[in-house]
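This report concerns only the one structure given below.
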Amino acid sequence: MVRDQLPSDKNTLIKEGTKTERGTAVSKRQRAKLVRIGVYVATVLVLVFVGLTVDWQSIQESFFNPEIFREQFPDIVTQAARNTLIFTFFGFTGGLAVGLVIAVMRISSIRAYRWFAAPYIELLRGLPALLTILIIGFGVPIATGTQLPGRYTTGSLALALVASAYIAENIRAGIEAVPRGQMEAARSLGMTYTRAMISIVIPQAFRIIIPPLTNELVLLLKDTSLISVLGVTEATREITRFARDGVIDSANATPFIAAGVVYLAITIPLTRAAALIERRARQAR
Amino acid sequence: MSNDGSVAPETPGATDTPIQIHDLYKSFGDLEVLKGIDLHIERGDVVCIIGPSGSGKSTLLRCVNHLEVPTSGRVIVDGFDLTDPDCDVDKVRRGIGMVFQLFNLFPQLTVLGNVTIAQRRVLKRRKAEAREIGIQALERVGLAEKADEYPINLSGGQQQRVAIARSLAMNPDMMLFDEVTSALDPELVGEVLGVMRSLAEEGMTMLVVTHEMGFARNVADRVIFMDDGQIVEEGPPEQVIVDPQHERTQQFLNMVLEDY
């Protein structure tokens, strides 16, 4: 009996349901369509307004002057990009080394290590990178009366300090993401804590943190532009400083565009390569 | 003070009793998990620990190789008192193989890498020697042909057998098994139990936390039933599993064996 009634009940339910649903659906869709058309019209109006009011001739001359653009090369690559990459390399490897030590201290069972690492990270993450660079570049020489030897040392050191705090937090997160059983298995095979960290846990942690670490690398590469506040010499000009000098020399903004092109020529392949490494690492897991 | 953390054996001939546990208590915060465990295991014994989840059997096992630090009491393994602060726990652990529920193979290493890394880094064996011993260990679990695979490419049963081989490659005096078949698909349980059974037949000292009543009944020399952090009943399997004396053991076995 129940079975006999069921189909008819179901039918009426479905009919009523479709009626009301379709009723609201149509008006909703229409409303969405109207909004969309409105957005398109507004966009076109803005573009037309900009197109009519802006002086394209002047924009092209001051930003996209082909002659000045060409003049930037090859120095913007052989000198400026080279210096940017040197600062990035030393800053990142230094930051990686210090960051690894700080990360391991941060999760250590020894309280004194944690008490050093936690404020270190808080301090350097809390300060603007520019201030850290100024302190290392001007503050330390004033306080100690000595200048660090080497053209790249001061800038690289400042960048390494800035990077180390962020990298330490990345590594710590990576270590904590490695399943606890990995450490237990390693310890139960007789490895010491340190040996298990080095041989088993940290290699896995680095696989996990490839994406955020690449992010750090790109951020650091861009932060090399801050080094110019230290009053670099001609020989250590990085890309941004090079472009700024170029703009002042030529009274034209085109060197900025050239600098942007060079930065992107470095950063885009970098992130692509990291994505490739990440995919490989995931396959091997 | 001796460098290797050795202490005078508790009793004469203690080496014939490689695991001695005295009045062991373990708490996690306010939760008391082990409430006074006394346990002696003789060389060559296969002892299965059964009991409901939360009864403390895994914690007891983990106290034997100091993965859990006892709150009080003594754990003496191979004559070394692990609860002595001067004991070199890392050294004692070399003699204790441990196999985990979730395998815990090292995913970044090949199967061969898994069975050689501790030999190389801990025992300082040469590469060729470690490789040879590693392959032998893999042969014992029937997986020598998988030496160059990564763990991810193996079935659960194969991974667990590699984990057993990884421990065997260290030439342990005893093996601890912590619910090693609980994470496996039913059809893969047999191959792991088979390896464990052959180890038992070769005379390995084994402490096995398990839910496999058939294995406990057929392979164990002694079965221990734990409940609520205490050993409720222990004895040969015919007694504890077939004819349990204690009411709690009877209740547990009725629930577990319902499926049979």
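Compute the relative contact order of the range A:69-284 as a whole-number percentage, counting only Cα pairs closer than 8 Å that sit 6 or more residues apart in sequence. Dividing the mean separation by the residue count of the range A:69-284 yields 31 percent. Between B:Ser55, B:Gly134, A:Phe89, the Cα set farthest toward the positive side of the dipole of the protein assembly as shown (charges on each charged residue's Cβ, about the Cα centre) is that of A:Phe89. Only helical runs count toward this figure. For chain B, summing -39,500 (n - 2.57) over DSSP H runs of n ≥ 4 and dividing by all residues gives -9500 deg cm²/dmol at 222 nm.
Counting lysine pairs in chain A that sit 8 or more residues apart in sequence, or on different chains, and whose Cα atoms lie under 22 Å apart gives 4. Semi-axes of the equivalent ellipsoid for the range A:69-284, computed as √(5λ) from the eigenvalues of its C-alpha gyration tensor and ordered from largest down, come to 37, 22, 12 Å.
Residue by residue, the range B:114-126 carries 3J(HN,Hα) couplings of 4, 8, 10, 4, 6, 4, 6, 7, 9, 8, 6, 6, 6 Hz when phi is fed to the Karplus relation 6.51 cos²θ - 1.76 cosθ + 1.60 (θ = phi - 60°); x denotes Gly or Pro. Once each part is reduced to its C-alpha centroid, what is the distance from the range B:199-252 to the range A:69-88 in angstrom? Here the answer is 74 Å between Cα centres.
Rounded to the nearest 20 debye, the dipole size of the range A:94-240 about its Cα centre is 420 debye, using +1 on the Cβ of Lys and Arg and -1 on the Cβ of Asp and Glu.
Compute the FRET efficiency between A:Leu264 and A:Leu134 as 1/(1 + (r/R0)^6), taking r as their Cβ-Cβ distance and R0 = 25 Å, and round to the nearest 0.05. Walk me through the numbers on the way to the answer.
Working: r = 28 Å, r/R0 = 1.12.
Step by step, r from the Cβ atoms, then E = 0.35.
If you plug the beta carbon distance of B:Asp86 and A:Ala235 into 1/(1 + (r/R0)^6) with R0 = 60 Å, you get a FRET efficiency near 0.50.
Shielding of peptide A:189-201 by partners, expressed as the average count of other chain Cβ atoms within 10 Å per residue Cβ, is 6. Among the listed pairs B:Lys57/B:Lys146; B:Lys35/B:Lys57; B:Lys26/B:Lys57, those whose Cα-Cα separation exceeds 22 Å are B:Lys57/B:Lys146. Assuming charge only on the beta carbon of Lys and Arg (+1) and of Asp and Glu (-1), the dipole of chain A about its Cα centre is about 1580 debye to the nearest 20. Looking at the range B:167-260 alone, DSSP beta bridges between its own residues are antiparallel in about 50 percent of cases.
Dipole of the protein assembly as shown computed with +1 at Lys/Arg Cβ and -1 at Asp/Glu Cβ about the Cα centre; of B:Asn114, B:Met255, A:Tyr113, farthest Cα towards the positive end is A:Tyr113.
When Lys and Arg each count +1 and Asp and Glu each count -1, what net charge do the other residues less than 11 Å away from A:Asp223, Cβ to Cβ, add up to?
Local charge sum for A:Asp223: -1.
Footprinting exposure proxy ranking of A:Thr194, A:Thr240, fewest other C-beta atoms within 10 angstrom first, gives A:Thr194, A:Thr240. Centre-to-centre separation between the Cα atoms of the range B:22-63 and those of the range B:106-129: 31 Å. The alpha-carbon positions of the protein assembly as shown define a convex hull whose volume is 284 Å³ per residue.
No lab work stands behind these numbers, since they all come straight from the coordinates. All values derive from a computational prediction rather than experimental measurement. Note that each Cβ is placed from the backbone with ideal geometry, even for glycine, and that neighbours are counted across all protein chains shown.
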